[in-house]
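Everything below concerns the one structure shown next.
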Amino acid sequence: MKLYRPATILVGVVFVLVGGLTRLATPDQVYDEQNIKVVSGTIGQALDYAGSGSTVKVTRIKFARSVLDSTASDDDKPLETNGIYLAIEWDAVRGVPKPDGITPTLMSDGGSVYVPVQGVSSSGMDFPDAGFAKSGTLVFEVNPADMKGLTLKLRSLMIFNVYNSSIQVDLGIPTEAVAQQMVDTAAPEYVVEKSVTRVES
């Protein structure tokens, strides 16, 4: 499996184009600072999502040489890469109002933009019903040479929202040396478990 598959690049280009079209199609004041709420945090912090009373928390990250869906049959082979896979384990707690859906992307200091890999059905992020919490995993295929400053960005799926908001989670890779250490110690395989919904206590 190649690191930069055409489908991955195409999806990234679509996100950039949609962002540009949205900026052109909506009033300038939508993008004034007072209309964009950016909530920043780190691993382990529960962050407010769009002021909805719902929260998202990155609980752990894991690097691996290959990934396998937990629902795969015995005949299915793990997805391999010339790069490295990053599994981001998350926990989402739903408030009373239904929040907008989430578009996750991963960005590095070097300017790379990554989207979740295709072919792993258990990889994704969404909110459960009100009063419940949900745990799951996002999987990204990344370039080992461009991992410094990796930041998970979560945006609303609503394109023409008057009030825009996003969550940014610093994944704790401040230097190229730290990035290389994570690559060197990456697990041979990561099994992507199905998301789990539970009653929030």
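Quick rundown of the values:
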{"item": "Neighbours by Cβ (under 9 Å, 6+ apart or cross-chain): first from the stretch 61-73, without any contact (Cβ under 8 Å) to a residue 40 or more places away in the chain; second buried (at least 16 other Cβ atoms within 10 Å of the Cβ) and not β-branched (Val, Ile, Thr)", "result": "Ala72/Pro78"}
{"item": "For Leu150: the one exception among (1) modelled with pLDDT under 95; (2) of a type outside the set (S, T, N, Q); (3) surrounded by 21 or more Cβ atoms within 10 Å (Cβ to Cβ)", "result": "(1)"}
{"item": "Complete set of residues in the stretch 169-201 that are assigned to a loop (DSSP other than H, G, I, E, B) and open to solvent by less than 50 Å² (accessible area, probe 1.4 Å)", "result": "Leu171, Gly172, Ile173, Ala186"}
{"item": "Qualifying residue in the stretch 1-21 (condition: over 20 Å from Leu154 (Cβ atoms), touching a Leu at 6+ places or on another chain (Cβ under 8 Å) and either at pLDDT below 90 or open to solvent by 70 Å² or more (accessible area, probe 1.4 Å) (or both))", "result": "yes"}
{"item": "Test: residue in the stretch 89-109 that is without any contact (Cβ under 8 Å) to a residue 40 or more places away in the chain, under 13 Å from the mean Cα position of the chain (by Cα), closer than 21 Å to Val38 by Cβ and open to solvent by 10 Å² or more (accessible area, probe 1.4 Å)", "result": "no"}
{"item": "Residues of the stretch 154-168 satisfying the condition of being modelled with pLDDT under 95, touching a strand residue (DSSP E or B) at 6+ places or on another chain (Cβ under 8 Å) and open to solvent by 30 Å² or more (accessible area, probe 1.4 Å)", "result": "Arg155, Leu157, Tyr163"}
{"item": "Residue that is nearest to Val178 (Cα to Cα) [pool: residues in the stretch 135-146 that are surrounded by fewer than 20 Cβ atoms within 10 Å (Cβ to Cβ) and touching a residue at least 60 places away in the same chain (Cβ under 8 Å)]", "result": "Pro144"}
{"item": "Selection status of Glu193, among the acidic types (Asp, Glu) and modelled with pLDDT under 95", "result": "yes"}
{"item": "Residue that is modelled with the lowest pLDDT [pool: residues in the stretch 61-80 that are among the polar types (S, T, N, Q) and under 26 Å from Asp91 (Cβ atoms)]", "result": "Thr71"}
{"item": "All strands (runs of 3 or more DSSP E) inside the stretch 33-121 with 3 or more residues being among the charged types (D, E, K, R)", "result": "54-69, 79-93"}
{"item": "The stretch 169-194 residues that are more than 24 Å from Ser122 (Cβ to Cβ) and of a type in the set (Asp, Glu), paired with ones that are at pLDDT 95 or above and assigned to a loop (DSSP other than H, G, I, E, B) (beta carbon under 6 Å, 6 or more apart)", "result": "Glu176/Lys148"}
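The values are calculated or read from the model by the stated rules, or taken from the named source; none is laboratory data. It should be emphasised that the depicted structure is a prediction, and the values quoted were computed from it without experimental measurement. With ideal geometry, Cβ positions are generated from the backbone for all residues, glycine too; neighbour counts draw on all protein chains shown. Note: accessible area is taken over every heavy atom of the protein model, side chains too, but ligands, DNA and RNA are not part of it. Shrake-Rupley method; radii C 1.70, N 1.55, O 1.52, S 1.80 Å.
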